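Coordinate-derived values only; no laboratory data. Because the structure is predicted, anything quoted here is derived from the model rather than measured. Note: ideal-geometry Cβ built from the backbone for every residue, glycine included; neighbour counts use all protein chains shown.
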Amino acid sequence: MAMVEMGTQNSIRLTPGQIATLVCQLEVSAAKPGNVHRSADFEDATLIDFLNSGVALGHAIDASLEPTHTVSIGQMILSSVEATTWVTNTNTNLGIILLLCPLAYLHGRGKSLDAKSLSQLFGALTPEDAEDVYAAIAKSGAGGLDVRTTDESARPDYDVRVEGSAPRDLLIAMEIAADRDMIARQYCTGFKDVFDFVLPAIEQGFERFQLLSSAIIFAHVKTMAQFPDSLIARKLGQQTAIQSAGYAQRAIDQFEQCAEDFTPFWASVSDLDFWLRSDHHRRNPGTTADLISAALYVGVASGRLKPPFR
């Protein structure tokens, strides 16, 4: 199993599952606008739920990578959801699981984390993988891959809520959902947005703020501005998602005008946070947070992000 050395005096090495737990903790602890973090809970999901979910995910990943038995990527995803449902009764991390498991699967086998490796992995998915992923999505209680069409002969209905609806090729369903779901889009592009936009945004934020927590917040806002959050769109419609992106862009505009004093940027982030929370938490930019987690995993596993992490 591939491990990453953190470069400490004790030469601590982290397994893929431990990295997954670490990045889940980093992501949820940062005070990202509109999300659960160390200073804000939702009525039905708390910081503890997310922290516990990160531990469960890490354990499931490492158990799936044990050399004594062969586990497919679909089985890893399903076991990760099952582990999460054991520690919490709400959907905290389906998107994170769908993104981190392919990365950990490659990393645990010593493969490079890049678009080519991921595209090869997704291209080799089996019908059993598709069934396991659909079972995982259904078990999590979340939607997202349901397809509705008035012309049943033109395109099948891959609704995760319907038993036996999984396609033989998972990428077919992902391609259908890609224009309205950023996680599905990553499967179709080899995580292009994670590699080309989200991780560089974290690095840009760290260069300016010298704190990873601030860099995560910056990258979250910048990603929201670039990609209207697809969870918001799914719950409230594309227009609301576009509106949220507009508020995020205002904060980025303030950032770009700052030289030394970033007070206007943080004030705009605060305004964005207030607006996102004004409709209970239905405007929660959860997909953006999932993308941040994936970028953090790549950054830590590749050594582009180095400890101490704070």
Quick one: order THR68, THR84 by neighbouring beta-carbon count within 10 Å, fewest to most.
THR68, THR84
Order the peptides 295-305, 91-101 from the highest to the lowest mean number of other Cβ atoms within 10 Å of their residues.
91-101, 295-305
Across the chain, where is the longest run that never hits GluC sites (Glu not before Pro) in a DSSP loop with at most 16 other C-beta atoms within 10 Å?
44-151
Candidates per chymotrypsin sites (Phe, Trp or Tyr not before Pro) in the stretch 51-145, loop by DSSP, up to 15 other Cβ within 10 Å
none
With charges set only on the Cβ (+1 for Lys and Arg, -1 for Asp and Glu), what does the dipole of the chain come to about its Cα centre, in debye to the nearest 20?
520 debye
Principal axis extents for the chain, Cα atoms only, whole Å, descending order, please.
56, 55, 35
At the level of C-alpha centres, the distance separating the stretch 248-310 and the stretch 113-141, in angstrom, is 28 Å
What lysines sit close enough to LYS222 to cross-link, taking a C-alpha to C-alpha distance under 25 Å and skipping anything fewer than 8 places away on the same chain?
LYS32, LYS192, LYS235, LYS306
Report the one residue of ALA104, LEU118, ILE217 whose Cα lies farthest in the direction of the positive end of the charge dipole of the chain (charges on C-beta: Lys and Arg +1, Asp and Glu -1; origin at the Cα centre).
ILE217
Just need the relative contact order of the stretch 10-71 here, percent rounded to a whole number, with Cα pairs under 8 Å and 6+ apart.
38 percent
Just add up the charged neighbours of ASP196: K/R +1, D/E -1, any other residue whose Cβ is under 14 Å from the Cβ of ASP196.
+2
Expressed to two decimals, the stretch 197-276 has a Cα Rg over Rh, using the Kirkwood radius, of 0.98
Using +1 on the beta carbon of Lys and Arg, -1 on that of Asp and Glu, and nothing else charged, what's the dipole of the stretch 251-310 about the Cα centre, debye to 20?
420 debye
Defining a contact as two alpha carbons under 8 Å apart and six or more residues distant in sequence, what relative contact order in percent does the chain show?
20 percent
